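Just below is one structure, and these are the notes that go with it.
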Amino acid sequence: MWRFIAVAALAMCASWLYKPICAFAETNLVNNGELTAGFDGAPADWYALSSDRKLSKFSWTYTPAEGGALGISNLNSNYASWHQALILRPGIYEISADVRVEGAQPRAGGANIAISTYDGIRLISAHLHGTTGWQTLSFFLKEDRWGDSTELLCQLGVAGYPDTGRASFRNIKVTAVASPPSRGSRGFDLALVRYHYQDQILQPDGRVSIRATGVVSGLILLGLLGWALGVIWRPGLAAGRSAWMLPAGLMLAITAVKFAALFHFTGFYWDIWAKTNRALLAAVLGPSRIYDPGLPVDAYPPGSLYLLWLSGWIGRLIEPAANGFRVIVETPPLIADLFIGLTLYFAAWRDGRGLRAIVVMMLFALNPALIFDTVVWGQSDSIVALPMIAAAILILTGRYRLGWSAAAIAILAKPQAIAFTPPLGLWTLFNAGVGECGWSAGAFLGTVAIGIMPYQLGHSWDWIINVYKDLGTRFSEASVGAFNFMGLVGGMGTPDTDKIFGGVSYSALGLSLTCAVYLIASYLIWRARSARAAMLAIFVALFGFFMFAPRMHERYLYYPIVFLIPIALESGFLTSMFAVVSATFLFNLIYIKHLSDTSSYFPDHPNAALIAAASINLAVFFAVTAYGLIRTPPPAGRGDAAEGAALAQETNRM
């Protein structure tokens, strides 16, 4: 019976992945090419981007009589475009659309349609300038391998050649043709384009040794993380099947539902596009070339690229359509969700208290905000949160070296994980001494060295430092969508170098307040006599980092919530705070996602939604901090033998 269910599930997944490819013989391979579907002014399956969002307005109109149309209006010289993910199998295609333009400059980019490849090649139709009525723009494309083309664009202007005016697009089509186009037709052969411009296009690194090094390094990191999870899970697993069968079944069922939902939620387009392109670049170029300058995507930490590399390899193996490949790229965060839920269960499971542990697990697994982040938004925060929570549990229960290896994996995946290391570092120092700190630092640095090895080859010694410095300067706004203190005082979308009052910038104020938060968290760690109290201190640090540090995204509240879950049932107060901050996180995600989907931008001044949510978050931060200061008893002395015994007993129970 179970074998039949597994086969049926695999067949269903395969049919979902291949559904668009099976539609290869249909007229149009563009989703919503007739532009008849949409909601609240946003067309389904299309996403708008511009160089300066305040200089462009995007529109979608539909009437039964006239059909649907995409609109772009550039108030000043700007580059703006509508996008749709598109991955084609080898063959010949005609790309076409009806286009009209008003007020475009005669020597600028004009209105046009284009195809973009994973490595930044852009194939563009003829350009319409000035003012014209509806005209059909088209060109032919010969695709020689799966995954070359990744995006269809309707543009006003082109990169480097911005334009003004208004452009409209309708009847957008990509159709397969059986034979090459006639002479004189506009067309592109991607194989020939790559051949003629091979000196200007990054070429794959064919050295087997480099790719083998990457595979071995990835397997070692996976093995370390598996070891860390195994240590946490072992007591529950050793208790027998009755201790783990129910939670495992519940988490697998929830994961299956989430996986099915991925086919219906396309995520945040820009992030999904960037991840799919990184996956293809990693699979084609290899680890030594993925950080070379000139690539069309931003550099990301090497830890995140291992899973994208695997996703790209799977994609090239089975050659799904764009939606199927998106699901492949988004599946690892669902697997991380599964393991986080089980890790929280086994960490909470003690002395057979399985019911309480299941409730803790469900606080994560059924949390609407966390589900929205992973499934609806399409983010990969759970991949970072998994080694973070594993590291904290291990370090707080005396497995310092393995815990710091897990912490290194988290930081390799995303630099935001650095925020939880100061409290854990102080806990290690206070409870294990300087000698153990040295061994833990060695484990940490060794894991980092393994993780960066295949990407470091061919780069200067300070390459990884420059990667993380670049990540820190990528966004310059005081608040990048986060309903936090920076947004509350007017920093939403505002450069953090702007002055908030007197000569004090958003950046200076935010960093000063963040330092104050970590001083409070350090004091709480010094006072902590239990792993639960230390977990509360880590939550204060992470939540304070989200609330006061500049350049925060809305989704970075994911990590504090995960760290609040293990202690959320310790008191009615913490349970209430967990519910409130989960609600504000969900509201923040939905609000910013709606702005992105409708091609809107945030008002110049805080509105009611931001003021309400940010004020609630601020109140929660102060309330939880006060709770920690009041409820955490001061230590009787770090060298006291009785305290050491009590601490050992507590960590063994957690």
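Numerical summary
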{"item": "Prolate/oblate/rounded call for segment 504-598, Cα gyration tensor, a/c under 1.5 rounded", "result": "oblate"}
{"item": "Cα→Cβ-extended label distance, 7 Å offset, between A44 and H594, nm", "result": "2.0"}
{"item": "Cα centroid of segment 574-621 to Cα centroid of segment 496-524, whole Å", "result": "21"}
{"item": "By accessible area with a 1.4 Å probe, ligands and nucleic acids excluded, highest first: order of Y300, Y62, Y400", "result": "Y62, Y300, Y400"}
{"item": "Peptide ranges 98-106, 601-609 listed from the most packed, as the mean C-beta count within 10 angstrom indicates", "result": "98-106, 601-609"}
{"item": "Alpha carbon centroid spacing (whole Å) that separates segment 209-227 from segment 294-364", "result": "17"}
{"item": "Part-to-part distance (alpha-carbon centres) for segment 38-74 and segment 366-387, which is given in Å", "result": "29"}
{"item": "Three-way shape label, segment 36-123, alpha-carbon gyration tensor, a/c 1.5", "result": "oblate"}
{"item": "Solvent accessible area, Å² - I232, 1.4 Å probe, full protein context", "result": "10"}
{"item": "Surface share of carbon and sulfur [accessible, 1.4 angstrom probe, percent] for segment 381-524", "result": "70"}
{"item": "Accessible area of segment 177-261 belonging to carbon and sulfur atoms, whole % at 1.4 Å probe", "result": "66"}
{"item": "Rounded FRET efficiency, nearest 0.05, which uses the C-beta distance separating T473 from A126 and R0 of 30 Å", "result": "0.20"}
{"item": "Relative contact order (%) - segment 275-423, alpha-carbon pairs under 8 angstrom, separation at least six", "result": "23"}
{"item": "Contact order relative to length of segment 452-590, as percent, for alpha carbon pairs under 8 angstrom and 6 or more apart", "result": "23"}
{"item": "Extension gain from W227 to L629, taking 0.36 nm per residue of separation minus the Cα-Cα distance", "result": "141.2 nm"}
{"item": "Estimated 222 nm signal from helices in the chain, with DSSP H stretches of n ≥ 4 weighted -39500 (n - 2.57), rounded to 500", "result": "-18000 deg cm²/dmol"}
{"item": "Size descriptor, Kirkwood hydrodynamic radius, that averages inverse alpha-carbon separations across segment 319-434, Å", "result": "15.5"}
{"item": "Under 14 Å, Cβ to Cβ, from L123 - net charge with Lys/Arg +1 and Asp/Glu -1", "result": "-3"}
{"item": "Probe 1.4 Å, protein heavy atoms only - accessible area per residue of the chain in square angstrom", "result": "42"}
{"item": "Difference of contour (0.36 nm per residue) and Cα-Cα distance, Y601 to L355", "result": "84.0 nm"}
{"item": "Unit charges at the beta carbon, dipole of the chain: most positive-side option, V620, P235, T374", "result": "P235"}
{"item": "Between 0 and 90°, nearest 10: helix 421-456 axis offset from the chain longest Cα axis", "result": "30"}
{"item": "Unit charges on C-beta of K, R, D, E only; dipole of the chain, Debye", "result": "1100"}
{"item": "Distance (nanometres) between label positions extended 7 Å along Cα→Cβ at Y197 and A176", "result": "2.7"}
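The values are calculated or read from the model by the stated rules, or taken from the named source; none is laboratory data. As the structure is a computational prediction, the values presented were derived from the model and not from experiment. Here Cβ is always computed from backbone atoms with ideal geometry, including for glycine, and neighbour counts include all displayed protein chains. Side chains are part of the model used for accessible areas, which takes the heavy atoms of the whole protein and leaves out ligands, DNA and RNA. Shrake-Rupley method; radii C 1.70, N 1.55, O 1.52, S 1.80 Å.
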